[in-house]
Structures are given as C-alpha cells and as structure tokens.
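Notes to accompany the following structure.
The values are calculated or read from the model by the stated rules, or taken from the named source; none is laboratory data. Keep in mind that this is a model prediction, so the values were computed, not measured. Cβ placement follows ideal geometry from the backbone for every residue including glycine, while neighbour counts extend to all protein chains displayed. To get the accessible areas, we keep the full protein, side chains included, count just its heavy atoms, and leave off ligands, DNA and RNA. Shrake-Rupley method; radii C 1.70, N 1.55, O 1.52, S 1.80 Å.
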Amino acid sequence: MSKSIKKLLCENAEKWFKQNCKYDRTAKQYSKNYGKFVVFCREVYDCRTLQECKKHIQDYADYLTEQGYSASTIHTYLAPVCVLHDFNMKRIKKPVRHTAEYKRGRSDNGKKSRSDNDIDNPKYARTVEFQKRVGIRRNELKRLRGGDFLYDEKIGWYYVFVRNGIGGKQQKQYILPEDVKFVEKYFKGVKPNEKIFSESELENKLPYHTIRANHAKQMYDYYLEKLNGDNGDKYREELKKKLLLRYAERRKDKETPEETARKYENFVRLMSGTHKLKGKNKALAIEKHLPTEYDNLAVLAVSVFHLAHWRVDVTINSYLLAY
C-alpha cells in the first residue's frame, strides 16, 4: 500500500530537518511540531506538497490563536514552520509573548509540595547546594563527570564544563571565586569519567530550574554591585573584555564574514545601556517589587557565563522576572 500524502509530507520535512539542524534533538522536536502543521494543511486545504503548505502559515497561526493556545505555545509550533520555509516569523500576526503570562515555576497557592519537602531532605542536600552555586539543568547534573571542573586561563575563572547541554550544545558554567573551593570538593577524588552524582541523588521532584533561576538572580546582583562599586568603571571594562574573549570562542566556522561582523556588532551593542521593561512585564515587576530597569552588561554577563543563553531579553524574561 502506498504511503499517504500526509505521511510523505511529514517524512520529507523530517529529512529536511535532519539535514539542516545541527543537533538531533532539535531536528526531532522540529519534525514533531511541523507534523502538526502538515495535519492542518491536509485537513483544511488539502495541500499535497510542502510548497503548497507554505501558503497557509498565517492561516495556521490564526487557527492556533482561535484554539486558545498560549502565545508561547504558538511560537513553539510556528518556529519549525518558519525555519523550513525560510519565513520571517515577524511577518506573522500572532499573540505577543509576555513574561507576565508565564506559568512555569509560579505557584501562589501556599501549598507545600513534595518538591518543596525534598529541598530539605538530607538525601538531596549535595545536589541542592551544588545547584545553588552552579545553576545548570537536571539532565546536565546527571551527565557531570570528574573531569568537568576546569580553569579558563584566558578569562581567569574556574568553570564547570557542560558537554551536552540543551540542544546538544557545550557550555562553560563559570563559578564565582568565593564558590570555587566549595564546588571543587565535588570533583576531588572522582575519576575523570566517573559521574559526580548518583542516580538516587537525582531521582526526585526538586525544582532544579527554580534554583537555577534564583542563582541567575544572585549573579545579577553580584555583577550589579561590582559595576556600581568604587571601582565600577574599571570592573565594567574588565567584564567587557571577558565577555569578548568568551564570544570569540563561539564564532561558527560556517558564518560568512558579513554574518560574523553583524553578530559581533549586535553583541557589543548589548554590553551597554539599560533594558527598560514595558507593558505587562513592567506591571509584573512592580507587583513583585522587582526592578523595572536592568543594566545590560550585568544581564549579559549572567546570560553568557551562567545560563549560556547569550541574550539579554531571555535572561530577564525567563529568569530574573519569571520566578
């Protein structure tokens, strides 16, 4: 029996993502979400090719909005569609994502959950105390080995090396000088390929991402205090140099000289000025007694050195403001 048109379209899309996505995890997720677009195009418009589907991107966005999906979910579903069809998402009329509408990690019901109890459980104390000073994801904690505590001679800081982070990316999770001895204890006496944490230590419902967000807030306060201190101007220049050194390691070989120059200019631009919250995000910050303005350099340092996001807006919206 020949394959259905819907299945063929999904397979063609999956093949495209495998060939064009750098990481397998991204390709799988994009293929899955693009499949939802194929179903919509087949059932509503009887599309028979991917090119025919492209004509209905805005219709799909309208459909998702009518179905009541959140702005964040709509963005997630549209992302692979825009990538495959080389379509600028800014051209699509869709709900705007606001941090004030994020639901993850927010609970005001006053109830004590199992995850809250686990934080106080001595069985998980090692992971909790480590996470407070390092701030990586649960799966990244699982993969840490004895050889993943290193020193960056160029920048002059110690870091925990995450070999396979989100999207399969490698990252350097830098440690504050005052936390180095504490973190180093976890790696002493552990063989290079031996895991730092046992499976039983991570079999829990602990909100590691919330601890990661709290760590990001603490790092922002740390940098902001340094930047506003007596030697603030000197520290600001030193921090910029460290960020540029880290940025130089991130350049992709496939980039054209024009792309490299444009991205460099954008990165340098992020190191100055103030990020001012607006609209619902500003109202949320006022409600939670949080700042409505953020020092871009301090935020970028948190994003690059402690979150590996490389973006000021994501760091503010998803970490400094959302928890």
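In region 27-60, the residue that is farthest from CYS82 (Cα to Cα) out of those that are of a type in the set (D, E, K, R) and either open to solvent by less than 60 Å² (accessible area, probe 1.4 Å) or part of a helix (DSSP H, G or I) (or both) is GLU43.
Evaluate the following for LYS22: is it without any contact (Cβ under 8 Å) to a residue 12 or more places away in the chain, open to solvent by 70 Å² or more (accessible area, probe 1.4 Å), more than 17 Å from PHE87 (Cα to Cα) and of a type outside the set (Ser, Thr, Tyr)? No.
Within region 239-255, one or more residues are in contact with a Gly (Cβ under 9 Å, 6 or more places away or on another chain), at pLDDT 95 or above and surrounded by 12 or more Cβ atoms within 10 Å (Cβ to Cβ).
LYS278 satisfies every condition listed in (1) open to solvent by 50 Å² or more (accessible area, probe 1.4 Å); (2) touching an Asp or Glu at 6+ places or on another chain (Cβ under 9 Å) except (2). For region 174-192, the tally of residues that are under 18 Å from LEU141 (Cβ atoms) and open to solvent by less than 20 Å² (accessible area, probe 1.4 Å) stands at 4. Restricting attention to region 200-238, the residues that are more than 23 Å from the chain's Cα centre (by Cα), exposed (fewer than 15 other Cβ atoms within 10 Å of the Cβ) and in contact (Cβ under 8 Å) with a residue 40 or more places away in the chain add up to 1.
Hey, among GLU153, GLU194, GLU178, which residue is on the phi < 0 side of the Ramachandran plot and touching a residue at least 24 places away in the same chain (Cβ under 8 Å)? Just a single option satisfies the conditions, and that option is GLU194.
For region 189-202, the criterion of being closer than 25 Å to GLU153 by Cα and aliphatic (A, V, I, L, M) is met by at least one residue.
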